[in-house]
1. Starting from the range 137-165, take each residue that is part of a helix (DSSP H, G or I) and list its partners that are modelled with pLDDT of 80 or more and open to solvent by 90 Å² or more (accessible area, probe 1.4 Å), counting only C-beta distances under 7 angstrom and pairs at least six apart or across chains.
2. Scanning for something open to solvent by 50 Å² or more (accessible area, probe 1.4 Å) and either of a type outside the set (Lys, Arg) or out of contact with any Leu (no Cβ under 8 Å at 6 or more places or on another chain) (or both), does the range 329-337 turn up at least one residue?
3. Conditions first: (1) closer than 30 Å to THR65 by Cα; (2) open to solvent by less than 80 Å² (accessible area, probe 1.4 Å); (3) modelled with pLDDT of 75 or more. ASP117 passes all but one, so which condition is the exception?
4. Does any residue in the range 380-407 that is under 22 Å from LEU364 (Cβ atoms) come within less than 9 Å, Cβ to Cβ, of a residue that is assigned to a strand (DSSP E or B) and open to solvent by 70 Å² or more (accessible area, probe 1.4 Å) six or more places away or on a different chain, and which pairs are these?
5. Tally up the residues in the range 286-308 that are charged (D, E, K, R) and either surrounded by 18 or more Cβ atoms within 10 Å (Cβ to Cβ) or in a strand (DSSP E or B) (or both), please.
6. Here is a check on your reading of the model: is GLY246 in contact with a strand residue (DSSP E or B) (Cβ under 7 Å, 6 or more places away or on another chain) and modelled with pLDDT of 75 or more?
7. Within the range 359-380, restricting attention to residues that are out of contact with any His (no Cβ under 8 Å at 6 or more places or on another chain) and open to solvent by less than 10 Å² (accessible area, probe 1.4 Å), which residue is nearest to LEU333 (Cα to Cα)?
8. Keeping to the range 224-283, report how many residues are assigned to a strand (DSSP E or B), touching a Pro at 6+ places or on another chain (Cβ under 9 Å) and open to solvent by less than 10 Å² (accessible area, probe 1.4 Å).
Amino acid sequence: GSRFVCTSLPLDAAGAGCPLPPVPMQGGALPPEEELKATVLQLRETVLQQKETIGSQREAIRELTGKLSRCEGADGKSAAGAWKNEVGKGKDTMGDLPRDPAQVIEQLSRTMQTLKDRLESLEHQLRANVSYAALPSDLREMLQRRLGDLERQLLSKVAELEDEKSLLHNETSAHRQKTETALNALLERVSELEKGNSAFKSPDEFKVSLPLRTNYLYGKIKKTLPELYAFTVCLWLRSSASPGIGTPFSYAVPGQANEIVLIEWGNNPIELLINDKVAQLPLFISDGKWHHICITWTTRDGMWEAFQDGEKLGTGENLAPWHPIKPGGVLILGQEQDTVGGRFDATQAFVGEMSQFNIWDRVLRAEDIMNIANCSINMPGNIIPWVDNNVDVFGGATKWPVETCEERLLDL
């Protein structure tokens, strides 16, 4: 009967003419269109999974940034404690962070590499199962476009995470540096307080220098005296002023400017005043050498003693007997007070150097005074000790490191 003539048609004319029969796949595999659809669906699922992964990583970065902000907002003490915990124990200062940014970047890089491997595997399978050129051109272009978009998105997210990681690292470093600076300043302040805030090797190893005879160079003892019924005053001094060395120290109280005064004025001998009563002391100290001076007094019968370089040179009585020394006055080094704390007279000013000014609320034994003078013991006053932070200087008076006790002895 009938005969058929078969004519070959180009592939792009398949849609206009007769439909091509499906090409059976080896091993019962799916047709290329179905395989391609499955691949696209699988890629979509992969993209969704990557979006979820990127979202979770963004959330982790956001949480990390919040915790860092709270850490920076904490007070100096909390920041110092966190820093000290990190340095001392080697732990993270924010122990509840979810993940390290470096781990996030590394995990995302591994995920992207895995996805690339899977895409390459799919491409090899497609090429093995069906000719790549046999796929419709629009489908090929869509697949390539989707793959390119996915790769760009992943690279963009990786770059964002790298930037956030770098920013977080810089902020953390700046915060730690600021905390460390505050802690170092605090440690320096504590060290100063532990050393007594003294500029000298020991708080008592200094002297006060009063080089000019003026009415404005002087030192002032910060502490004041309590009520006293006896006392001992000891000090080292060196002066060659003439006439008279002036006033090594004076103690004035309201109503009595001459409560306790030691003075050598003009051509007069050195004098001790108690409640404006006077006793002349057999001391000779204007030779420009270091001398150790001690004076004791008791209200009982007004008994007094005068020691120079450990040796008792004079004693007497009836110096303001039964008069207790009044408390709450002002103790001045180098000037005689006409009113409490003021009205100095330049002609009565001390010229020279002094050190180790100590006051006790009792009469020291002669043996103790000798041991202090020959450097056998160091016995600070229990009422007024000679320490740097208890002595202020004014008007050009200065504080300097003092010669050792042994060097002062050689000067005698």
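The values are calculated or read from the model by the stated rules, or taken from the named source; none is laboratory data. Everything quoted here is computed from the prediction, not taken from an experiment. Glycine also receives a Cβ, built like all others from the backbone with ideal geometry; neighbour counts cover every protein chain displayed. Accessible surface is based on the protein model in full, side chains and every heavy atom, while ligands, DNA and RNA are left aside. Shrake-Rupley method; radii C 1.70, N 1.55, O 1.52, S 1.80 Å.
1. Close Cβ pairs (under 7 Å, with a partner that is modelled with pLDDT of 80 or more and open to solvent by 90 Å² or more (accessible area, probe 1.4 Å)) do not exist here.
2. No, that holds for no residue.
3. Among (1) closer than 30 Å to THR65 by Cα; (2) open to solvent by less than 80 Å² (accessible area, probe 1.4 Å); (3) modelled with pLDDT of 75 or more, the lone unmet condition for ASP117 is (1).
4. The qualifying pairs are VAL391/LYS220.
5. Count: 1.
6. yes
7. ILE359
8. Number satisfying all stated conditions: 5.
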